[in-house]
Number of protein chains: 2
Amino acid sequence: MQTNANFRDVFYVSDGTAITSETLGHAVLGQFDIEIQQTTLPFVESIERANLVKSQIDRAYEKTGEKPLVFYSIVIPEVKEIINSAQANFYDVLNLLVEPLKNDLQLEPQPQLQRSHSIDKDSASYHDRIAAIEYTLAHDDGISLNNLEQADIILLGVSRCGKTPTSLYLAMQFGIRAVNYPFIAEDMATLKLPKAIEPYRYKTYGLTIEPERLVTIRHERYANSEYASEQQCVEELNKVESMFRREAIPYLNTTSLSVEEISTRLLDMSGLKRRMC
Amino acid sequence: MQTNANFRDVFYVSDGTAITSETLGHAVLGQFDIEIQQTTLPFVESIERANLVKSQIDRAYEKTGEKPLVFYSIVIPEVKEIINSAQANFYDVLNLLVEPLKNDLQLEPQPQLQRSHSIDKDSASYHDRIAAIEYTLAHDDGISLNNLEQADIILLGVSRCGKTPTSLYLAMQFGIRAVNYPFIAEDMATLKLPKAIEPYRYKTYGLTIEPERLVTIRHERYANSEYASEQQCVEELNKVESMFRREAIPYLNTTSLSVEEISTRLLDMSGLKRRMC
């Protein structure tokens, strides 16, 4: 039996996707200086599977001598009871909030009402989200500048500054129809806002990035190319940033931001509403 | 002043992206039979912005006479204090779990340690995720069947059964490199596993869907086409499903599943690990 007080097995268990338990558990654990090994166990809906999960948690305890941390959200009472009998510390991610809400709202919760991340596929919001993914894919990387009137947001920037992942995240997570358009080396001599985008400048935003970071990213793709050279990166960024300023296009430096942060900052800058499913 | 006990304004407030507050608040509220209007306010990092948010919450209270519900996660003490002075019911989504964890771990939390959804961009997991998005885009919808040895998962199915949104979700959320390949009408006469995929059948999964649902989805795209006809949809699904059985390719019916559910079920079927950033 190996004991290390700074190491813990962590399990995210749910009779649904386990995404809520995972998101919250991950965020909370980020505040503690411990080493963790994470296992996600979704769709624990049957007695059989619940027993397997209990054994898995118990084995982890026997191996380390430290109680695993179990973040869970389980609606089925029989399943919950079995999981609860494992040797572990339990954190019921939904119920912790359900109790105070129940008191404040003076309402009884109805756990069957809606499982998170389980969606009425005929709902307008689900439909919008799938449509947003399609629209965004069809307008990735300058593929098309048609139907821009349907765009929620248009992103501009040099190659490899984060436009594509950001556009897809906006579509996937928030149902936002995003267009992205790259400026390439050949554009630099006479850099201006593309004609098709001019009427939609009110919903157009720029992305930029520190030259050193851009050099690193481009090198990973095409090592030792002109495209990845410091001179080329600096020149492109200077020209594109002055164009943003000249055209009064608001822009965001993505260097130290995650895709989630870039996306939520853009929503914030644009005043676009998140469409949640 | 209008009063309706079953209506509440809901605010998600954070000095970060507010994604954790949003995910959890949304999940908990799904258990109560109330009408809500949701507003997300990320990056509340300054005293000025905190005061604006407080006023916005107070205005909602004055308008409805019901205290708004505020789900928040705020690290900066001065900002938290201002938000807390608004007329509202507060739910501190992280701290609710931090307290029990602190006791169980016998450790003090270090709130500065890591902000969720804010990522070390040089970390391997962030890099993997961006690479997974690129790989998945390059292998969407049969565009390429090259480099399949680098794929984590290969998805097969008829057109419009959910392959593309699922592939992108797997890449974006879990850093999974997904390939997807569509079977089209012309494939039906001699339907078989594509030669390039044969060596990788161990990581290949099928998606299928109920014919009625497929008809509806295809009609939205090409109304009254042969492609959207019931006969065509039934035939394609029958042939593709028998091929899956003949070739022993495990498959999943996506009809009543969200993109999150399809993705997490595929991870579960394949034993692939989620890579979390």
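Numbers at a glance
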| quantity | calculated |
| --- | --- |
| Meets criteria (basic (Lys, Arg), in contact (Cβ under 8 Å) with a residue 40 or more places away in the chain and more than 27 Å from residue B:29 (Cβ to Cβ)) for residue A:63 | yes |
| Filtered residues of the range B:24-67 (kept if within 11 Å of another protein chain (Cβ to nearest Cβ), farther than 21 Å from residue A:260 by Cα and part of a helix (DSSP H, G or I)) | B:28, B:29 |
| Boolean, residue B:133 is of a type outside the set (Asp, Glu) and in contact (Cβ under 8 Å) with a residue 12 or more places away in the chain | yes |
| Residues (acidic (Asp, Glu) and more than 8 Å from chain A (Cβ to nearest Cβ)) located in the range B:3-23 | B:9, B:15 |
| Test result for residue A:70, assigned by TED's automatic domain parsing to the domain that holds residue A:29, in a helix (DSSP H, G or I) and closer than 22 Å to residue A:22 by Cβ | no |
| Test: residue in the range B:73-95 that is within 8 Å of chain A (Cβ to nearest Cβ), under 17 Å from residue A:29 (Cβ atoms) and at pLDDT below 90 | yes |
| From A:197, A:217, A:249, residue being β-branched (Val, Ile, Thr), surrounded by 14 or more Cβ atoms within 10 Å (Cβ to Cβ), over 30 Å from residue B:24 (Cβ atoms) and within 11 Å of chain B (Cβ to nearest Cβ) | A:217 |
| Residue among B:107, B:148, B:155, B:170 that alone is aliphatic (A, V, I, L, M) and modelled with pLDDT under 95 | B:107 |
| Residue B:176, sole failed condition from (1) within 14 Å of another protein chain (Cβ to nearest Cβ); (2) crowded, with 20+ Cβ neighbours inside 10 Å; (3) not in a loop (DSSP other than H, G, I, E, B) | (3) |
| Residue in the range B:94-110 that is farthest from the chain's Cα centre (by Cα), counting only those that are assigned to a loop (DSSP other than H, G, I, E, B) and free of Cβ contacts under 8 Å to residues at least 24 places away in the same chain | B:106 |
| Options B:269, B:243: the member that is touching a residue at least 12 places away in the same chain (Cβ under 8 Å), within 12 Å of chain A (Cβ to nearest Cβ) and not basic (Lys, Arg) | B:269 |
| Test result for residue A:156, within 12 Å of another protein chain (Cβ to nearest Cβ), touching a helix residue (DSSP H, G or I) at 6+ places or on another chain (Cβ under 9 Å), crowded, with 23+ Cβ neighbours inside 10 Å and in contact (Cβ under 8 Å) with a residue 24 or more places away in the chain | no |
| Search result, residues across the range A:58-88 that are among the aliphatic types (A, V, I, L, M), touching a helix residue (DSSP H, G or I) at 6+ places or on another chain (Cβ under 9 Å) and closer than 12 Å to residue A:10 by Cβ | A:69, A:70, A:88 |
| Members of the range B:159-182 that are farther than 22 Å from residue A:167 by Cα and touching a residue at least 60 places away in the same chain (Cβ under 8 Å) | B:159, B:161 |
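The values are calculated or read from the model by the stated rules, or taken from the named source; none is laboratory data. Just so it is clear, the structure is predicted and the values come from calculations on it, not from any experiment. Cβ atoms come from the backbone with ideal geometry, glycine included; neighbour counts cover every protein chain shown.
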